[in-house]
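*Asks:* To start, I am sharing the structure in question, which I have written as structure tokens.
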Amino acid sequence: MKKADLHYYVTSYFRSYLPGQKNLSSNTISGYADAFRLLFKFCEEKKGLRVDRLKISDVDSEVVCGFLDWLETERGCSVSTRNQRLTALHSFFRYLQKKSPPDMEAIQGILDIPYKKTAMAVVSYLSEEQMKILLSLPDADTKEGFRDQVMLSLLYDTGARVQELADLKVKDIRIESPSVVTLHGKGNKTRQVPVMTKTRALLKAYLEHYRYDPGISRGDNPLFTNQKKGKLSRWGISYIINKYVEKAKAEKLLDIDFPVTPHVFRHSKAVHMVRAGINLIYIRDFLGHVDCSTTEIYARIDTELKRKAIEKACKDILPEQEYKDWTTDTDLMAFLDSLTKV
């Protein structure tokens, strides 16, 4: 019987292990697959190793380190992207350790490859007033504009990830009290989040005028559709957001220097919840985070909240007095002039 080798384990990893045992989302699996496509490209082009003949012993720590350096130097990838590719490889080789014990020593060398330190990314968000302006821009008197208003309001109010919003079906919306939206997150994890009164009213009106596809069950209709009656994609949602952001900038309603992505809506909701004094445990559950360490970033980035807390807790000991304009002091100016002539 032919010994199972790298191609066998890679196939098993992607077909069975990730979607079955790990229950990862299709987006995560796709990201991991990209890492392997690039690794195999590197092996062929830089190492002269044919993919169909690759053995486990061919991909050692030296090859993986070379691959990671190649990503940065030749492909121009950021340190963050490099670390993401390494995460995918670490995941596979941890799986392989259990499947191929004779190769454990070589595999451990790959697992010991460290992640590169990178500067903490600045989390961009909109203020409450800026978000209010953006949500008011869609023309609710038109069919498309009303859809956009409902969609953007729901994106902000639920703090949903863009894919969670795109995947919403009619059956995921509960209008009756208590009004909640069921979101299907990473790893097929499901959570329910409440919606505010105004968002509930928008959803109610939207569903009353919704044109259902008779070819599928009523509840399985996608909540937001494009012009072809298909499910609105994450890229379609990004396009719609950018359209209104550009409109706001053109009308000088927004003055921001960062791109407003769907995730900025999620960041904004989280920061606004922190400012409202909501417990981080609740915000963690609301956003679908695994632990509070991820949620704490929103408390750290809110400089206005920090300023108010410092002003409240600390005494202002700076002297209160008026300072005269030293440039009118002729003696001082003459002294400074004398120094420049030395």
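The values are calculated or read from the model by the stated rules, or taken from the named source; none is laboratory data. Every value quoted in this text rests on a predicted model; they were computed, and no experiment measured them. Please note: Cβ atoms are built from the backbone with ideal geometry, for glycine as well, and neighbour counts cover all protein chains shown. Side chains included, ligands, DNA and RNA excluded: accessible areas come from the protein's heavy atoms. Shrake-Rupley method; radii C 1.70, N 1.55, O 1.52, S 1.80 Å.
*Asks:* Checking the condition closer than 19 Å to Q130 by Cβ, open to solvent by 40 Å² or more (accessible area, probe 1.4 Å) and part of a loop (DSSP other than H, G, I, E, B), which residue from K228, K252 passes?
*Replies:* Answer to the check: K252.
*Asks:* Right, something else. Take the range 12-49 and flag every residue that is assigned to a helix (DSSP H, G or I) and open to solvent by 60 Å² or more (accessible area, probe 1.4 Å).
*Replies:* R15, S16, Q21, S26, N27, R37, K41, E44, E45, K46, K47
Here is a yes/no grid of residues against (1) closer than 20 Å to D139 by Cα; (2) in a helix (DSSP H, G or I); (3) basic (K, R):
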residue	(1), (2), (3)
T182	no, no, no
K198	yes, yes, yes
Y212	no, no, no
I241	yes, yes, no
V264	no, yes, no
A270	no, yes, no
V274	no, yes, no
I278	no, no, no
I283	no, yes, no
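*Asks:* Can you name the residue in the range 81-101 that is charged (D, E, K, R) and without any contact (Cβ under 8 Å) to a residue 60 or more places away in the chain and is also most open to solvent (accessible area, probe 1.4 Å) among such residues?
*Replies:* Within the range 81-101, the match that is most open to solvent (accessible area, probe 1.4 Å) is K98.
*Asks:* Separate question: Here are some conditions: (1) within 27 Å of A270 (Cα to Cα); (2) among the hydroxyl-bearing types (S, T, Y); (3) modelled with pLDDT under 90. S100 meets all but one. Which one does it not meet?
*Replies:* (1)
*Asks:* Being out of contact with any strand residue (DSSP E or B) (no Cβ under 8 Å at 6 or more places or on another chain) and open to solvent by 30 Å² or more (accessible area, probe 1.4 Å) is the filter here, so list the residues in the range 231-245 that pass it.
*Replies:* S233, R234, W235, S238, Y239, N242, K243
*Asks:* Moving on. With the structure loaded, tell me whether T295 is surrounded by 12 or more Cβ atoms within 10 Å (Cβ to Cβ) and touching a His at 6+ places or on another chain (Cβ under 6 Å) or whether it fails that test.
*Replies:* When the stated conditions are applied, T295 passes them.
*Asks:* Just to be sure before I move on: is G187 in a loop (DSSP other than H, G, I, E, B), of a type outside the set (A, V, I, L, M, F, W, C) and either at pLDDT 95 or above or farther than 16 Å from L232 by Cβ (or both) in the structure I sent?
*Replies:* Criteria not met by G187.
*Asks:* Considering each of L134, L71 in turn, give the residue that is open to solvent by less than 40 Å² (accessible area, probe 1.4 Å), of a type in the set (A, V, I, L, M, F, W, C), touching a Cys at 6+ places or on another chain (Cβ under 7 Å) and at pLDDT 95 or above.
*Replies:* L71
*Asks:* Which of the following residues is without any contact (Cβ under 8 Å) to a residue 12 or more places away in the chain, assigned to a helix (DSSP H, G or I) and not aromatic (F, W, Y): E105, E164?
*Replies:* E105
*Asks:* Considering the range 63-80 alone, what residues qualify as being without any contact (Cβ under 8 Å) to a residue 12 or more places away in the chain and either touching a helix residue (DSSP H, G or I) at 6+ places or on another chain (Cβ under 7 Å) or of a type in the set (D, E) (or both)?
*Replies:* Of everything in the range 63-80, those that are without any contact (Cβ under 8 Å) to a residue 12 or more places away in the chain and either touching a helix residue (DSSP H, G or I) at 6+ places or on another chain (Cβ under 7 Å) or of a type in the set (D, E) (or both) turn out to be D69, E72, E74, C77.
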